[in-house]
Structures are given as structure tokens and as C-alpha cells.
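Everything on this sheet refers to the single structure shown next.
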Amino acid sequence: MKEKLVLIGNGMAGVRALENLLELEPDMYDITVFGSEPYGNYNRILLSPVLTGEKTIDEIMLNDDAWYAENNITLHKGKTVTKIDRKQRKVIADDGTEVEYDRLLIATGSHPFIIPVPGHDLPGVIAFRDINDVDFMLAAAKEHRHAVVIGGGLLGLEAAYGLIQQGMKVTVIHLMDTLMERQMDSAAGKMLKKSLEARGLEFLLAASTKEIIGKKRVQGVLLEDGREVTADLVVMAVGIRPNIDLAKSAKLHCERGLVVSDTMQTYDPRVYALGECVQHRNEVYGLVAPLFEQAKVCANHLAHLGYARYEGSMTSTKLKVTGIDLFSAGDFHGDEDTEEVVMQDVAGGVYKKIVIRDNKIIGAVMYGDTVDGAWYFQLMRDGTDISDMRNHLLYGQAHLGDSGHGGENAVMAMSDDMEICGCNGVCKGDIVKAITTKGLFTLDDVRAHTKASSSCGSCTGLVEQLLATTLGSDYSDSPSKTPMCPCTDHPHDEVRTGIVANQIKTIPEVMKHFEWKTENGCPKCRPALNYYLVCAWPDTYKDDGQSRFINERAHANIQGDGTYSVIPRMWGGMTTPQELRAVADAAEKFNIDTVHVTGGQRIGLYGLKKEELPAVWDDLNKAGMVSGHAYGKALRTVKTCVGKEWCRFGTQDSTGLGIELEKMSWGSWMPHKFKMAASGCPRNCAEATIKDFGVVCVDSGYEIHVGGNGGIKVRATDFLCNVSTEEEVIEYSAAYIQLYREEAHYLERTAPWIERIGLSHIKEQVVDDKVNRKKLAERFHFSQKFSQDDPWKQRAKGADAHEFTTLKQVG
Amino acid sequence: MQAAVDKNADSSEWIEIGHINDIPKLGARVVSAGDFNIAVFRTDNDEIFALRDECPHKGGPLSQGIVHGKKVACPLHDWKIHLDSGEAVEPDEGCAASYPVRIDGDAVYLSLTPKKGCPNK
């Protein structure tokens, strides 16, 4: 017989926990749900847009009756549980319904706090909490003119704005002298007030309500200072209180909320609780993002997995008022031990403040331009050392895609048919619609449903912004400890260090050690693990071809039509008549239509069938040419100019240096593709300052530059150091490459890697510490002993023949 | 050894296509059927599945994708396809035709009559 699970509270938190549980264990429990409201589960966050008329109730339903039926869940709508009998393990509802449980889940949420002033119970005085309240406000707006909102916090302002949209005259009464003082400092609060006033709202700040006056229904609000405001409708939005009466009556330990442990259990281990009714590590949460994190943990334990822990959440705030961008997170007031970085442009309506302690962001407030809110929040959650980016921190990450977006970053100003994701052709309207109709909350949800941001990732910032503006405060990006992929809870760094520390030598062993949740991982983690093992054990690891993308398995780039390209190496961009002849002969022999000079100073042959590859390679090998690894997360090209041998400006032999760099590093596998360049003078014809590793020759020696990128997002290199000899360039580059190989996450180019770990770290490891530099370089050279074996030659001679032949011809 | 056997398929149609070890574990081989290709997959547990070698999204060759569990990821745009049914993993929608496979000893047999329930595309 199945165990019985009862959920009290049919809201977002409880139902999310059920959804997570059903994904893990669809048949473990007989599930019964009690909900006081006569609806299925709806998206409470989107009540504000319902009030403004931007959405209807139907559009914000998350789980309708059919969902409960499909999942065999018994739903008691409109029934309130009045008693929990923990001895007999059953719950009793107001209509007498009794249901037994083996495990109980309490998610009773919270209720709005009503200030107990005289007149608070007059008709026309309501809260802003559920569909009933919204219906009431919409009806009142039709008949009445004057509305007062008590409370100038997030919820109060959203209610006030909604009522203005419905045509009412609205006054907001707020106890403090700053709006949203829990989310904003006074500078941002003033700017917010100004723009809300421009939208027609009136404010009475530092105003305390004494009494709500009226006879049969509300007629006005009397303040302590004697002022009186006319009102036909009063909305109290001064805060929420956890609903814990039921839990208290069942003698479950409560303080401000129902107290739960890191496993979301109350003091009765059969009774779980989550959502706005609980108190965890002394915190009570009122936003959706933390509740979802709790739901995950809860489901994990209900499914008897028993390893997840909830350790509290960091939250950020956004206001859902059309046209007003504001963001805040963490401790944005600061104290004596903190520093502030501030930018304020009152006329331009932009304000940003970042609070820093010990070189880490601990809080941020932004108004007007909130594009980088998600980025600051991520830096804050990750505890990133920001000393290297201090100077340009306020200007933002500019992590929104530059290409294809024409620098457009005010996502709210975009029309619905504007393209957000240039790779997959997804427009703003598609994304917003998917978020609201499909109930999406995270970046991964949006990626799965719309494909936006799932290819090159350059539009990730825009999608995050859309999530944030559509969902308001309740959008949360990935947790601070971002797992490698959904197959595991462990982040990249943990897995990498674990592989070395525990001497793990194969992919199945890694998966076993770290308790992978899937049988053979997925296309995200398998290639990453394969690379981490190649990097850790270059001499002994047997490369797993089936864990490589097709390009690396076939040593050629798959094209959109399923054919392949072949690009042989041209060392340092140099070639010979013999090589050119071999390329030309191959192009003719294999009927290649497209011969292209690549951006990396080489020649590419396009449109080859997979079966033809070994024969083409064999011909090229005979002319001394080897694989250019143009298909791999590997060393690609070393671009050069002709240097002082020919150029009248040349200061050093940049061509010779480029060839030497390429001879040293070709064949090495990397976290992502890796490009180098050597320019003979500061005119920099080889474009060394947008490469992963670039050398600019000067009269006195060589400038070394790192972390450039000319692709999705242009990033100029950071200057690493000057050296005076070619030998030093070689040593520094080997050390730097090895540091990148050992520390970057798989599929992380050097540019984001440097932004994540900081240039100082690289300077410490490669420039300042001579012994370490030599060790890094030695490890690279050691690893190269096993990788500089031309993969084309091996395959031209018959290796991996199954990869290049059909199994059988049957038609 | 197990295989997805379709009992409705006429046994006279079975074509021997090779030895199970011709197909790499967590990999695939291509059987050419004239106008089109069929991808024959082998999972970690030596289950064999056959799908038309065209992703329902943009026709990418599924045989070249990464096999994980009972799914393959298309090499072009990373759609995930169920090896047993040929259906795309939700929320994507689409289907690659699935062909019956039989294993006798170590020999793998394929039928060219696709299973029902999915357009031959």
C-alpha cells in the first residue's frame, strides 16, 4: 500500500513541492491537497498585472483541475483544515472531511497584516493578497473614485499603480519618509517617488494612520497629525504574517513562523513545512524564489532521497511597475566597515549604488538602469573578489549580447516582435508569452521552452531581464552553487578538484563518486568530465570518444547539411607552394566546391562526406600537413604578421615566434577553443589584443596580453607583463595555457574565465611566482608529449574506422 | 541482451546488419537504405535501437549525437530524442521514425518497416 501524503495549502510553494516530488517519484504517495480558495493553484506573483488589466485570472493559473486529476491527486478546494491530529495522524477540515497521513506537508502561507486602528473592519477596507482582493478592487474602481493605499512598500506601490491604471485617484500613505525603505536607500526612493508622481500617484510620507473613518463604509483616512484624506477604498499593504494558527494548535513549535530545519521538517519529523508560513534559521521569506528552493529540498526528502539541504536564500527585489526599473539586493545601506561605489544622474533618472566589504559585493541598489542587476547579484552570491573590476564595476558587465542587438539593452522598450535570440530566432513576445502561459521561473525553463539563450548565450542577459521584468521580485537566477548540469548537484570546481584529490580515472568512476543522478550523464557533463580527466591524467587516461561532440570524435566540423569541413594547419599562417598544391589537388579530387580562406590564416575545404575524410587527410598528410584542430576545444591558430623580416616597422621576428608557439601548443585539448597571435609591432596587424593569448612585439622585447575575444562579445585583452626574450614568451605562454587548462570550467573561454577569477590571480600564478610558472609550464610540456600525435594520420591509417564507414548498405 | 522487438513486423523482412560489437557502446552506426539513412544505436546496457537518421527539428544526423541513457542529443541544435519511440524530449515536439530491431546471439537484425505512430520523417 502506498504511503499517504497530505498537503495543507494549495498555493505556489506547496504545489511546487508536489511537482518536484512527482518528477522524482511519480507513484510513491497517495496525495491529498486542501486549499481554502475555490481555485486551482495560481501564480500569485502576477496578481499585479491582473489588477492593471494586463492579464486575466485564467492567464495566471499554474495548475488547473485537470492537472490534479492527471496526477491522481485528490483536491479539496474551498475547504480549510481546522485541526491536525498528530497522534492519529489525520487532518480534519471545516466541513468535517477527515484524511489520514503518513507524511504531512504544511504550506499555509501568510496573511496580510491589518493595522488594528479604529475603522479597520469597515466595508471597503481590504488587503492585497488574493484573487478576491483583486476582484474587489476592480469592482470598486468601477463605482468609486478615491483610493488610499496604506503602505509604500513593494506590494503597496504595485496595488496603487494598478488602481491608477483602473482610473482611480490614488494616495499612498507611508509611515517612513522613504518609499520601499526595506529595498532602497533614500536617493533611489526619491527618484522612484518622482516618477510615480509623474504617473499620477500622490504620496503622504512620514504619515501615521490614526483612524479609518466612515459610517456604513469607508469614507476617509485620518492621520495622527490631523490631516484627513478622502477614500472610497482603502488597501492595507503594510506587510504579511505567517499563517501559523493551525500549526500552533497542533502544538508544533512556532516562533514568528513555523520553525523548520534544513531538511524542511518541523519538530515532528513526519510533518514538513515550507513557504511563507515557515521560519528557517531565523528568516521568514515572502518572495517566491526562496520558496522554490525550499520546495526542491522538501521533495528530495519526501522522495526518500534524503541528501538535499536548504541553507537559506539571498533575495533580490524588482518592482513590477511598467516603465520603472529598480533593483536591489543584500545589504545596501552598509556600515563603517563597508565602502560604496555610487553613480547618480538625477536628470537622466539613473542611480546605482554598490556596497562592498572586503572586496566583495554585499548589496546593490539600482534605479533607472537595472541591466546589470542579475550580474551584481551573481557576484554577490558567489562572493567574487571584485578588486580587479572595481574601476568599471558601475558600468556593468555589458554582458548583454553586442552582436545582433545593436547595443540595444533596454529590454522593456523593445517591441514584442524584436528578436532577442539571434541564434534561434526567438522574439521578445515569444519569451514573455512562454513565461506567463507556461509558468516559467528560471533561465533554464526559458531555454527549454523557447530555445532562447540556449545556443551561443549572448542574449542570456536579455532573457534574464525579461524574466525579471515579467516576474518581478520573484525571479531568481541559478543558486549560488551552480551545478555542472542537472545530472549532479556538484559545481565544476568541486568535481575537478575531486578528480585529482581522489585519483579518479574514468567517467563512470566520477559519476559514482559524486552520486550522479543519471545513468550516463548528458551531453553537457560527459564532454566536460572527459576533458577534466584528459587534463588531470594526460599520460594514462584513455580518451572516451563517445563522450565527445561529433566534431572532436570525427576530427572535422559538422556543417548544417551534415557534411564536414577539413582545415589543415598552416603554422603561424605560413604556407608553401607544395602545401597549396596539395590543398588544390585534394579540392579537385574530391569535387570540393567551397574553398575558403579562414579567419585564422588557413584554408578550409567544405562539403565533404564523412566517409571521404580519411582519404582527404591521407592526401594532405603526404604533403606534410596535419590537423588544424579547427573543430576542437583545443589550440586553434596562431596568427602572425610578417614581422621584421619584411616589414619596415617590424621590431621582432613575430612570424618565427608564432610558429614556435604553435609547434609547442598544437594538439592540446583545452576547456574551450584557444587562439593566439603574434604581432611584430604595436600596429598589431595580427590582432593580438583580441586573442586568448597575444604577443605584441616592441623594440625592447615582447608585451604579453591575455583574455581577449573577438567573438560573441568583443573583449580586448588584459596586459599581463613585458618580457625581453622569445624563450620567456614561450615559458609564460605554456604556464598561462596550463593554468587555464587546469582551472577554467569546461566551455569557458579565457575572457569570462579571467573576469571570473581576476587578472591578479593570473599575475600571481604566472608572473610573480617564478617557481610556480616553471612548474605550470613543465606540466603543460609533459601533457603535450601525449597529445602531439596527428589525429588525421592515425585515422588515415585506419584508426576508428567504424566512425567513417556505414554499417551496412541495405537499400 | 534486449532489443525493442515489434511483434507486428513480418519476420521475413529482417535484414542482418552486423555484429553487436560493430556498434560502439553509447554510440551509433549508420545503415544506408538508399534514399535515406537509419541510425542504429547501442546503449550502455547493450540495448539496440534504430531511428531514421534525421532529427525532426532540422534534419540533423542523429547517428552523430551523444547517446546518454535511452536518449540521443542531435549534434546540430541539441534536441534530445528518445531512442525507443523516436519522440523528441519535451518540451520539444517532433518524432523520428523508429524501426524494429532484433538480436539473435550477437547478430543484429533490422526491419525496414517503420513502427507505427510516427510519420516517416
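Throughout, read-outs are computed from the coordinates displayed, never taken from laboratory work. These numbers come from a predicted model, not from an experiment. All Cβ positions, glycine included, derive from the backbone under ideal geometry; neighbour counts span all protein chains shown.
Worth pointing out:
- Rounded Å value of the spacing that divides the Cα centres of the range A:237-259 and the range B:24-88: 54 Å
- Applying the Karplus relation 6.51 cos²θ - 1.76 cosθ + 1.60 with θ = phi - 60° to the range A:504-516 yields 3J(HN,Hα) values of 7, 10, 9, 5, x, 5, 4, 5, 5, 4, 9, 6, 4 Hz, where x marks Gly and Pro.
- Loop-located trypsin sites (Lys or Arg not before Pro) in the range A:1-110 (DSSP state not H, G, I, E or B) with no more than 13 neighbouring Cβ atoms inside 10 Å: A:K2, A:K87.
- Here the Debye sum runs over all C-alpha atoms of chain A as equal scatterers in vacuum, and log10 of I(q)/I(0) at q = 0.06 Å⁻¹ comes out as -0.49.
- Sorted ascending by nearby beta carbons within 10 Å, beginning with the fewest, A:E59, A:E803 become A:E59, A:E803.
- Amide H within-cut-off set for A:I362, under 5 Å, with H built and near neighbours excluded: A:V355, A:I356, A:R357
- Spatially proximal lysines relative to A:K216 (Cα-Cα < 23 Å; intrachain offsets below 8 disregarded): A:K142, A:K169
- Take every DSSP beta bridge whose two residues both sit in the range A:635-784; close to 60 percent of them are antiparallel.
- Contour minus Cα-Cα distance for A:T598 and A:Q578 (0.36 nm per residue): 5.3 nm
- Zone of A:D135's modelled label, taken as backbone nitrogen in the range A:17-47 under 16 Å from a point 7 Å along Cα→Cβ: A:36-43, A:47
- Per DSSP, loop chymotrypsin sites (Phe, Trp or Tyr not before Pro) in the range A:295-378 with at most 13 further Cβ within 10 Å: A:Y307
- Applied to the range A:103-111, the Karplus parametrisation 6.51 cos²θ - 1.76 cosθ + 1.60 on θ = phi - 60° returns per-residue 3J(HN,Hα) values of 9, 10, 10, 9, 9, 7, x, 9, 10 Hz, with x for Gly and Pro.
- Farthest positive-ward along the protein assembly as shown dipole, Cα basis, beta-carbon charges - from A:V771, B:I15, A:G604: B:I15
- For the range A:738-783, the share of alpha carbon pairs falling in successive 10 Å distance bins from zero is 27, 51, 21 percent.
- The range A:492-548 shape via C-alpha gyration tensor axes, a/c threshold 1.5: oblate
- Calculated FRET efficiency, A:E339 to A:S455, Cβ-Cβ distance, R0 = 30 Å: about 0.15 to the nearest 0.05.
- Structural descriptor for chain A: relative contact order 7 percent, calculated from alpha carbon pairs under 8 angstrom and at least 6 residues apart.
- The range A:20-159: C-alpha pair distances exceeding 21 Å, %: 56 percent
- Shape of the range A:195-281, Cα gyration tensor, a/c cut at 1.5: prolate
- Relative intensity, log₁₀ I(q)/I(0), of the range A:411-474 from a Debye sum that treats every alpha carbon as a point, q = 0.22, 0.23, 0.28 Å⁻¹: -0.80, -0.88, -1.35
- Three-way shape label, the range A:530-596, alpha-carbon gyration tensor, a/c 1.5: oblate
- The separation of the range A:608-657 from the range A:66-137, counted between C-alpha centres, amounts to 70 Å.
- Taking 31 Å as the limit for the C-alpha separation, the pairs A:K610/A:K639; A:K79/A:K248; A:K2/B:K116 exceed it in the case of A:K2/B:K116.
- Using the Cβ-Cβ distance between A:E727 and A:S760 with R0 set to 30 Å, the FRET efficiency from 1/(1 + (r/R0)^6) comes to roughly 0.75.
- Inter-site label distance for A:E98 and A:Y267 at 7 Å from Cα along Cβ, in nm: 2.6 nm
- Taking 10 °C and 1.306 mPa s as conditions, the range A:644-709 diffuses translationally at an estimated 132 µm²/s according to Stokes-Einstein applied to its Kirkwood radius (Cα pairs).
- DSSP beta bridges in chain A [antiparallel fraction, %, rounded to 5]: 60 percent
- Relative contact order for the range A:521-659, counting Cα pairs under 8 Å that sit 6 or more residues apart, in percent: 24 percent
- Alpha carbon centroid spacing (whole Å) that separates the range A:356-388 from the range A:179-212: 25 Å
- Calculated from backbone phi, Karplus (6.51, -1.76, 1.60) coupling profile of the range A:667-674 in Hz, x at Gly/Pro: x, 7, 7, 9, x, 8, 5, 9
- From least to most packed, judged by other beta carbons within 10 angstrom and beginning with the fewest, A:T74, A:T640 follow the order A:T74, A:T640.
- Relative contact order for the range A:580-662: 19 percent, from Cα pairs under 8 Å spaced at least 6 residues apart, divided by residue count.
- Taking other C-beta atoms within 10 Å as the exposure proxy, A:M191, A:M389, A:M1 rank A:M1, A:M389, A:M191 from fewest upward.
- Across A:K360/A:K691; A:K517/B:K71; A:K542/B:K80; A:K673/A:K797; A:K663/A:K785; B:K25/B:K71, pairs whose alpha-carbon gap is larger than 18 Å: A:K360/A:K691; A:K542/B:K80; A:K673/A:K797
- Gained length - A:A501 relative to A:V346, 0.36 nm times residue gap less alpha-carbon distance: 50.4 nm
- Placing a pseudo-label 7 Å from each Cα along the Cα-to-Cβ vector at B:H19 and A:D245 gives an inter-label distance of 7.7 nm.
- Extension gain for the segment A:Y395 to A:R145, taken as residue separation times 0.36 nm less the Cα-Cα distance, is 85.6 nm to one decimal.
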